[in-house]
Structures are given as C-alpha cells and as structure tokens.
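To start, the structure under review is shown below, and the notes come after it.
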Amino acid sequence: MLNGHVPTCIFKQFQITVRCPHTSPHTTMVQNDEVDDIPVVVTKVQDVERPYSIFTTSEKWVIVSLASIAGLFSPLTAYIYLPALPMIATAFHKTVELTNLTVTVYLVFQGVSPMFWGTLADRMGRRPTSLGCLFVLSIACIGLAFVPTSYFWLLMVLRCLQAIGSASTLTIGAGIIADIATPAERGGFFGIFTMGPQVGPALGPVVGGALADKLGWRSIFWFLCISSSACFIVMVAFLPETLRSLVGNGSILPPIQYRPLLSLMGRGRKDPEVECPPARKSPNPFHLFACVDILNLLVFNGIQYAVFTAILATISSLFNKNYPQLSETDIGLCYLASGGGLALGAIFSGKLMDWDFRKTKEHLTRNFTPEKGISDGIIDEDDFPIEATRLKRLPLWMIMFCAACVGYGWCLQARTTIAAPLVLQFVIGFSEIAMLTTIQTLLVDLVPSQGSSVTACNNLIRCSMGALLVSVIDLILQQINTGWTFVLLGGICFISVPMVWLAVRIGPRCRAGRQQPEIAS
C-alpha cells in the first residue's frame with residue numbers, strides 16, 4: 001500500500017461466511033482484481049436449507065414406534081377393564097349398573113385430560129409430558145391393585161387418575177410426528193402411530209378376560225402397571241426431545257433434563273452454534289374450536305368414531321345373544337377380527353396418503369409455471385391443496401364403512417354363520433382406521449405447531465360423542481331390532497358425507513385467514 005492507495009495490480013480476495021438459524025453455514029469466495037480503494041462486489045451467496053429434521057428415516061420410525069407403544073395404553077386401559085366388571089361388582093358388593101360408573105368417569109377424564117397435557121406438551125416439551133403421563137398411569141395402577149373392596153369411592157377416584165395418565169399419550173404422540181415428519185411423509189407415520197392405539201380395543205378384552213379368569217381382577221392392574229413401567233424405562237433411555245421450539249429440527253442440544261440416557265438418535269448431528277428459536281406462547285387449545293374448518297373435521301371424525309365405538313361396545317352382548325354356543329373366551333377372540341382390520345388399515349391408508357401427496361406435488365411441479373407463483377420446482381406449503389389431497393380417498397372409506405355396518409347388523413339379525421359378521425367386522429375396522437388416520441393427519445397439517453393441542457380437541461369431541469352413543473345404544477337395540485339399528489348407524493355416517501366436501505371448499509380460505517395474524521406478528 002502506497003500513500004494510502006491500493007495498487008490496481010494487487011488481487012483482493014475476501015472470504016464471507018454466512019450463518020442463519022434456518023440454513024447451513026456456507027462460505028463463498030469473492031474476488032476483485034481492479035480496484036482503487038476497496039470497492040468489492042459481493043456475489044450472491046447461496047443458502048443451503050437445513051432439513052426439516054436431522055433424524056434419519058429409520059430413527060423417525062423408532063421414535064414413532066415408541067410413541068405408538070405409549071399411545072396403546074390409552075384404549076388398552078379402558079377396554080382391558082370391561083370383562084372384569086361383573087367380578088369387580090361382586091367383590092365390592094355393588095350392582096353392575098353402579099360399577100359401570102367407573103367406566104363413565106373414566107371416559108369423562110379420558111376426553112378432558114388431554115386438553116391439559118396436550119397444551120403442556122406444545123409448551124414444555126414432548127419428552128417430560130410423555131414420561132409424566134406414564135408415571136401417573138403406573139402409580140394409579142398400583143393403587144387400583146391394592147384398593148380395599150370396602151372403598152368403592154377410592155376405586156372411582158383411581159380410575160379417574162388412571163384416565164388422566166393414559167389418555168394423553170395419544171395426544172403427545174401426534175405432536176411428536178408433527179415435529180419430525182414433513183407433510184409428504186406424515187401420512188405413513190400416522191398410519192403406524194394409530195395402529196397401536198386402535199389395536200387396543202381389540203386386544204384389551206382378550207387380555208383382560210384371560211387375566212381376570214385365571215388370576216383375578218387385580219391382576220389386570222398389575223399387568224398394566226408392569227407394562228407401563230417398562231414403557232416408561234424404555235422412553236427414559238431412548239426417547240429424544242422433539243419439540244421444535246426447544247430443539248429446532250433436532251440439531252439444537254437441549255438442556256440435560258430433556259436428554260435421553262442413551263442418546264443414540266441424532267448423535268453427531270448436533271450444532272451447538274445454532275441459536276434456539278424463540279419459544280412461542282402456547283395459545284388456548286379451545287380457540288381451535290373457533291376455526292370453522294377444524295371444527296367441521298372434528299365433528300365429522302366424532303360421528304364415525306362414535307358409531308365404531310358403539311359397534312365394539314355391543315359385540316359381547318350381541319354375539320352372546322345370537323351365538324349362545326360361544327364361551328366368554330370365544331367372544332373375546334371375536335374382537336380380533338376388527339383388530340386385524342385396524343392394523344392393516346392403519347398401514348395401508350398411511351402409505352396411500354403419502355403416495356397421493358407425492359403425486360399431487362409432482363403434478364403441480366410439472367404443470368405450473370413461475371407466472372403462477374411456482375419456480376424451480378418449489379411449491380409454497382400455504383398454496384398446496386392439502387385438504388383435497390388428504391381427503392381424496394375418504395368417500396371410498398365412507399362407502400365401505402356404511403355398507404359393512406348395515407350388512408353386519410342384518411347378518412346378526414338373521415343369525416348367519418359367524419364367519420359373515422366377523423368378515424364385516426374386519427372391513428369396518430379397516431375403513432374406520434383409514435378415516436381416522438386421514439382426519440388426524442389433516443388436522444396436524446392444518447396446525448402443525450399445535451399438533452398435541454389439536455389432537456386433544458379431537459380426542460375430546462370423539463370421546464364425548466362416543467360416550468353419548470354408547471349410553472343409548474342398548475335402548476335403541478331394545479326399541480328396534482338389530483338390523484334396523486345398524487341401518488340407522490350407517491345412515492348417520494352416510495349423511496355426514498357433505499362435510500367432506502365442505503372441508504375441501506372452505507379449508508384453503510380458513511388456512512389463509514390463520515396465516516395473516518402470524519405474518520403480522
């Protein structure tokens with residue numbers, strides 16, 4: 001340098017490093033070979049987007065499987081108890097009708113408690129709330145196993161506590177999937193996740209009946225205590241924190257209390273220099289009921305779930321009436337038909353939703369141009385027709401469900417060979433889980449930042465409607481015969497089909513309305 005001037009023959013090179021919370025650090029070399037002072041022209045810096053989640057596909061499957069196993073306790077705890085009701089009534093010297101109150105209070109708390117746990121999971125983290133639910137469930141089961149037969153009120157209180165601990169695992173699992181899975185792969189993960197909770201109604205009566213028959217009614221609660229405690233230990237050891245306001249896409253190292261004992265997933269991919277995104281105040285989950293599109297989906301899903309719950313609740317009495325040659329164990333095994341349909345339908349429908357999502361995205365990328373707002377094959381999620389894509393197959397599942405429901409009732413009315421109602425049970429389970437998985441996935445797509453809260457709202461609506469229908473289904477069966485009862489149930493489901501069209505029609509406008517406050521803030 002001479003007299004403060006830079007000779008023009010000197011070659012200048014600058015290294016620029018750019019780091020952004022949502023992009024990978026990128027270094028570019030900028031050069032200028034003919035300058036007087038230091039006029040440097042900075043070339044365009046290319047950002048490399050971070051992945052939605054640092055977890056590999058196999059690690060995501062492990063996380064979702066852990067959430068599914070925890071979610072299994074929500075229905076299992078409810079249905080495993082049913083075969084032992086007469087035995088418990090005798091032990092406590094109460095009538096069966098009075099003992100049924102323990103089922104009623106369980107359903108009430110099963111619907112209400114996820115509203116608390118779901119909001120807590122969206123604010124404080126998935127891992128601590130999951131562990132808290134399982135801990136409460138284990139403690140409640142120990143109390144139920146030791147409850148004196150002279151304290152019927154304590155039995156009811158502990159059943160309420162059991163519902164508080166078990167019901168919310170399903171809600172938290174949905175939030176975990178929203179954290180780690182993109183919309184393109186969310187359907188498949190929800191298929192596997194819902195398989196565990198939906199198999200519970202089929203396996204619960206079989207396991208509960210066998211335990212009560214061989215080891216007594218207290219063995220049911222010891223079984224639940226041991227299994228939930230084992231799940232608690234596994235999740236303490238392996239389940240990572242996934243809440244995006246705490247760990248981002250998983251690359252942010254959370255505080256030690258949020259880390260598993262064995263950090264096997266995401267290990268080596270942490271980036272301590274990435275700033276943690278600011279924690280957002282969790283809105284009141286009840287505000288979701290003010291969203292017309294979400295409320296429409298919640299009511300639609302509640303109708304289908306209520307009918308399915310009524311079918312499950314009447315299997316024991318109807319099969320005992322129409323096939324008197326069956327033993328209690330045989331009737332318990334009949335639940336496996338619907339359980340098989342639930343398991344297969346969960347996997348199939350989830351994969352089909354992912355396939356539909358990919359095909360729709362490929363179609364949009366291939367046919368739209370930059371003039372229409374799409375360039376370089378990048379599609380804005382806000383403009384993606386998520387409602388039409390997710391609900392594309394729903395009319396098919398509705399037709400299958402309604403037809404199988406009507407046929408199931410008339411097969412029982414005519415007392416056909418037992419194979420006929422069992423096959424139709426399989427179809428009912430298959431189509432029901434396909435509808436449930438579809439709606440649950442779409443709900444999380446609509447409000448991914450409140451995955452647990454919207455699932456809690458879904459649980460509240462469907463449990464309330466299910467409890468209401470179950471409470472009157474026996475009266476309906478007494479007033480009209482079995483065949484016409486199931487025609488009525490199938491008809492109720494069928495007249496809800498316009499709600500699917502309404503969801504596709506109003507969904508994009510409602511989503512746009514929710515985005516405006518977020519952009520303004």
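Residue-by-condition table, conditions (1) at positive phi; (2) at pLDDT below 90; (3) surrounded by fewer than 23 Cβ atoms within 10 Å (Cβ to Cβ); (4) in contact with a Lys or Arg (Cβ under 6 Å, 6 or more places away or on another chain):
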position: 421; (1), (2), (3), (4): no, no, no, no
position: 453; (1), (2), (3), (4): no, yes, no, no
position: 464; (1), (2), (3), (4): no, yes, yes, no
position: 469; (1), (2), (3), (4): no, yes, yes, no
position: 481; (1), (2), (3), (4): no, yes, yes, no
position: 508; (1), (2), (3), (4): no, yes, yes, no
position: 514; (1), (2), (3), (4): no, yes, yes, no
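Based on what the data block shows, is residue 387 at pLDDT 90 or above, among the acidic types (Asp, Glu) and open to solvent by less than 10 Å² (accessible area, probe 1.4 Å)?
On the way: at pLDDT 90 or above: no; among the acidic types (Asp, Glu): yes; open to solvent by less than 10 Å² (accessible area, probe 1.4 Å): yes.
Here the answer is no, as residue 387 does not meet what is asked.
State all residues of the stretch 200-247 that are out of contact with any Asp or Glu (no Cβ under 6 Å at 6 or more places or on another chain), within 30 Å of residue 59 (Cβ to Cβ) and open to solvent by 20 Å² or more (accessible area, probe 1.4 Å); if no residue qualifies, say none.
If the condition is that a residue be out of contact with any Asp or Glu (no Cβ under 6 Å at 6 or more places or on another chain), within 30 Å of residue 59 (Cβ to Cβ) and open to solvent by 20 Å² or more (accessible area, probe 1.4 Å), then 203, 226, 227, 229, 230, 232, 233, 234, 236, 238, 245, 246 are the ones that fit.
For the stretch 161-251, give me every one of the helices (runs of 4 or more DSSP H) that falls completely inside it and has 2 or more residues that are at pLDDT 90 or above.
On the way: elements: 183-215, 218-238, 244-247.
So the answer is 218-238.
Answer yes if at least one residue in the stretch 99-118 is at pLDDT below 85 and outside any helix (DSSP H, G or I), and no otherwise.
yes
Which residues, taken from the stretch 278-293, are surrounded by fewer than 22 Cβ atoms within 10 Å (Cβ to Cβ) and either under 12 Å from residue 432 (Cα atoms) or modelled with pLDDT of 80 or more (or both)?
Across the stretch 278-293, the qualifying residues are 287, 288, 289, 290, 291, 292.
How many residues are more than 21 Å from residue 75 (Cα to Cα) and either touching a residue at least 40 places away in the same chain (Cβ under 8 Å) or under 27 Å from the mean Cα position of the chain (by Cα) (or both) if we restrict to the stretch 327-357?
Matching residues across the stretch 327-357 total 8.
Identify all residues within the stretch 312-368 that are surrounded by 15 or more Cβ atoms within 10 Å (Cβ to Cβ), modelled with pLDDT under 85 and outside any helix (DSSP H, G or I); write none if there are none.
Hits for the stretch 312-368 are 326, 368.
Going by the structure shown, is residue 184 surrounded by fewer than 24 Cβ atoms within 10 Å (Cβ to Cβ) and closer than 26 Å to residue 267 by Cβ? Spell out the reasoning first.
Values: surrounded by fewer than 24 Cβ atoms within 10 Å (Cβ to Cβ): yes; closer than 26 Å to residue 267 by Cβ: yes.
For residue 184, the condition - surrounded by fewer than 24 Cβ atoms within 10 Å (Cβ to Cβ) and closer than 26 Å to residue 267 by Cβ - is met.
One line per residue, one yes/no per condition, for (1) hydroxyl-bearing (Ser, Thr, Tyr); (2) farther than 21 Å from residue 214 by Cα; (3) open to solvent by less than 60 Å² (accessible area, probe 1.4 Å):
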{"position": "77", "(1), (2), (3)": "yes, no, yes"}
{"position": "104", "(1), (2), (3)": "yes, yes, no"}
{"position": "146", "(1), (2), (3)": "no, no, no"}
{"position": "150", "(1), (2), (3)": "yes, yes, no"}
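The values are calculated or read from the model by the stated rules, or taken from the named source; none is laboratory data. If you're wondering where the values come from, they're calculated on a predicted model, not measured in any experiment. For neighbour counting, all protein chains shown are included, and Cβ atoms are generated from backbone atoms with ideal geometry for every residue, glycine included. We work out accessible area using only protein heavy atoms, side chains counted, and drop any ligands, DNA or RNA first. Shrake-Rupley method; radii C 1.70, N 1.55, O 1.52, S 1.80 Å.
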